[in-house]
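A.B. asks: Encoded as structure tokens, here's the structure I'll be asking about.
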Amino acid sequence: MNAIKNVFREGPISPDFIAQSIAKHQSKTGIGAHDIFLGQVRADQVGETTVGAIEYSAYTEMANKVMHQIRENTFERFEITCMHIYHSLGLVKAGEICLFVFVSSPHRKVCFRALEFVVESIKAEAPVFGKELLADQSHQWKVNQ
């Protein structure tokens with residue numbers, strides 16, 4: 001089993017960080033496809049107000065173990081070359097990126113299926129909690145869908 005990596009980044013995940021992560025794989029000639037998921041905070045309408053931001057928290061040690069297991073399960077299930085998972089902690093405003101998943105494989109269809117498996121697994125299993133901060137200064141806990 002590989003070492004457990006910290007997948008959390010404080011605040012939003014920047015476009016520069018995403019670009020640098022992707023660029024590292026350009027020279028790998030065995031890769032035929034990359035697939036990327038960017039989870040972005042939406043300004044959802046909640047009653048008479050909107051979501052302005054989400055404040056993410058997690059039991060980081062437990063959450064890192066769960067993310068690691070999702071990663072290992074994905075490598076066992078799909079023929080992928082590499083995968084990166086990063087999730088925000090702390091405040092992420094509407095329009096900013098809170099989840100970045102990057103999967104590479106020799107074949108595109110494998111990438112698509114693996115990426116969907118990873119994102120659905122994170123939503124279902126990872127102990128990451130989001131408090132939606134509303135424009136009227138109230139809040140509510142986000143329900144993963």
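The values are calculated or read from the model by the stated rules, or taken from the named source; none is laboratory data. Since we're looking at a predicted model, the values are computed, not measured. Because the Cβ atoms are built from the backbone with ideal geometry, glycine has one as well, and the counts that use them run over all protein chains shown. For accessibility, only protein heavy atoms count, side chains too; no ligands or nucleic acids. Shrake-Rupley method; radii C 1.70, N 1.55, O 1.52, S 1.80 Å.
A.B. asks: Assuming 0.36 nm per residue, please report the length gained on full extension of the stretch residue 23 to residue 49 beyond their Cα-Cα distance.
C.D. replies: So the chain would gain 5.4 nm between residue 23 and residue 49.
A.B. asks: Here's a follow-up. Using only helices, what value at 222 nm comes out for the chain when you add -39,500 (n - 2.57) per DSSP H run of length 4 or more and divide by the total residues, to the nearest 500 deg cm²/dmol?
C.D. replies: -10000 deg cm²/dmol
A.B. asks: Among 108-120, 27-39, how do they line up by average Cβ neighbours within 10 Å per residue, starting with the highest?
C.D. replies: 108-120, 27-39
A.B. asks: Hey, what did the chain get for relative contact order, percent, Cα under 8 Å, at least 6 apart?
C.D. replies: 36 percent
A.B. asks: Would you mind getting the accessible area per residue of the stretch 32-105, heavy atoms of the protein chains only, 1.4 Å probe, in Å²?
C.D. replies: Each residue of the stretch 32-105 exposes 47 Å² on average to a 1.4 Å probe.
A.B. asks: Let me ask something additional. Between residue 5 and residue 77, what is the FRET efficiency for a Förster distance of 25 Å, r being their Cβ-Cβ separation, to the nearest 0.05?
C.D. replies: For residue 5 and residue 77, the calculated efficiency is 0.85.
A.B. asks: Pairs 65/131; 65/109; 93/142: which exceed 24 Å Cα-Cα?
C.D. replies: 65/109
A.B. asks: Hey, any idea what % of the stretch 82-145's accessible area is carbon plus sulfur with a 1.4 Å probe?
C.D. replies: That share works out to 53 percent.
A.B. asks: With all pairs of different alpha carbon atoms counted, what Kirkwood hydrodynamic radius in Å does the chain show?
C.D. replies: For the chain, the Kirkwood estimate is 16.0 Å.
A.B. asks: In whole Å, what is the distance between the alpha-carbon centres of the stretch 29-78 and the stretch 79-145?
C.D. replies: The stretch 29-78 and the stretch 79-145 have Cα centres spaced 2 Å from each other.
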